[in-house]
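Since the structure comes first, as structure tokens, the remarks are kept for the end.
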Amino acid sequence: MMLELQRQLGVAMGAVFALALPASSDGCARLEHGGQGYVVCEVSAEEEPRLRLWQSDAEGRPLNNFNNIRKTLGGDETLGFAMNAGMFHPDYRPVGLLVIEGETLSDINLAAGSGNFGMLPNGVFCTGGDRPFQVIESRSFSQTRPQCRLATQSGPMLVIDGALHPRFLVDSDSRYIRNGVGVSPDGDTAWFAISDRPVTFHEFGRLFRDGLGVQNALYFDGSISRLYAPGVNRADFGRSLGPIIGLVDSNG
């Protein structure tokens, strides 16, 4: 089944009303928050083993796009949804931590910098550890080194223990198509979101904090952000990508 709807989420009387997204064939749905449109894809704890993170093919060549990802799947598998999952160098290597099926392919990067990745605090999205899903501030992650089946580092953090990143401005004029991930307080649900139109960091952070009720959320990227989600008629194309995350369905 597939449902596509717009939903106004928000804060009433100081309480967050995080509404569950409607079920669909790929877990993705359209919603509205703060006058901006988004697509949000929901992944439950039971679905975590079907979440995958891609960087290169068997020969070490960057996969770069959703079509190449689909070619790596087995004959009984389909791609439910996918999006870019972290910043990368000109040769498509990840800027920070990348863990795929428990193997660390790129180590954590704790350096501050002038770009979005270096706008500390940044963070790590981790799956398959003590909790199904976690978003952890990078320096805390480096100290504790939690186990992760999949992990990708990016920045900045959008929401940190319930607060927006301190450098986000309400009246910012920096607007881009942006995407990222947030995790429910119990760690049982992850929400992957992308804006329909250019939004500010403040607007995007509020989607996760006020619209979805998350305590921690991580920015993946902007301007190059793209989504593959046939359930909502999305198959974005454009510049080549570095790390890509997505949910794989089995037809068997």
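The values are calculated or read from the model by the stated rules, or taken from the named source; none is laboratory data. No experiment lies behind these values; they were computed from the predicted model shown. Cβ placement follows ideal geometry from the backbone for every residue including glycine, while neighbour counts extend to all protein chains displayed. Protein only, heavy atoms only, side chains kept; ligands, DNA and RNA dropped before computing areas. Shrake-Rupley method; radii C 1.70, N 1.55, O 1.52, S 1.80 Å.
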Select from segment 99-120 the residues that are of a type in the set (Val, Ile, Thr) and either surrounded by fewer than 15 Cβ atoms within 10 Å (Cβ to Cβ) or not in a strand (DSSP E or B) (or both) and list them in ascending order.
Thr104, Ile108
Need pairs with beta-carbon distance below 6 Å; first residue free of Cβ contacts under 8 Å to residues at least 60 places away in the same chain and within segment 119-130, second of a type outside the set (A, V, I, L, M, F, W, C) and assigned to a strand (DSSP E or B); sequence gap 6+ or separate chains.
Pro121/Glu137; Cys126/Gln134
Restricted to segment 154-209, and to residues that are of a type outside the set (Val, Ile, Thr), free of Cβ contacts under 8 Å to residues at least 40 places away in the same chain and under 26 Å from Asn233 (Cα atoms), which residue is least open to solvent (accessible area, probe 1.4 Å)?
Pro198
Residues that are of a type in the set (Ser, Thr, Tyr) and out of contact with any Leu (no Cβ under 8 Å at 6 or more places or on another chain), drawn from segment 138-183
Ser140, Thr144, Ser172, Ser174, Tyr176
Search result, residues across segment 68-81 that are under 12 Å from Arg50 (Cβ atoms) and out of contact with any Cys (no Cβ under 7 Å at 6 or more places or on another chain):
Leu73, Glu77, Thr78, Leu79, Gly80
Scan segment 76-98 for residues that are acidic (Asp, Glu) and either open to solvent by 70 Å² or more (accessible area, probe 1.4 Å) or touching a Phe, Trp or Tyr at 6+ places or on another chain (Cβ under 6 Å) (or both) and jot them down.
Asp76, Asp91
Hits in segment 225-242 (condition: surrounded by fewer than 22 Cβ atoms within 10 Å (Cβ to Cβ), farther than 22 Å from Gly35 by Cα and not basic (Lys, Arg))
Pro230, Gly231, Ala235, Asp236, Phe237, Gly238, Ser240
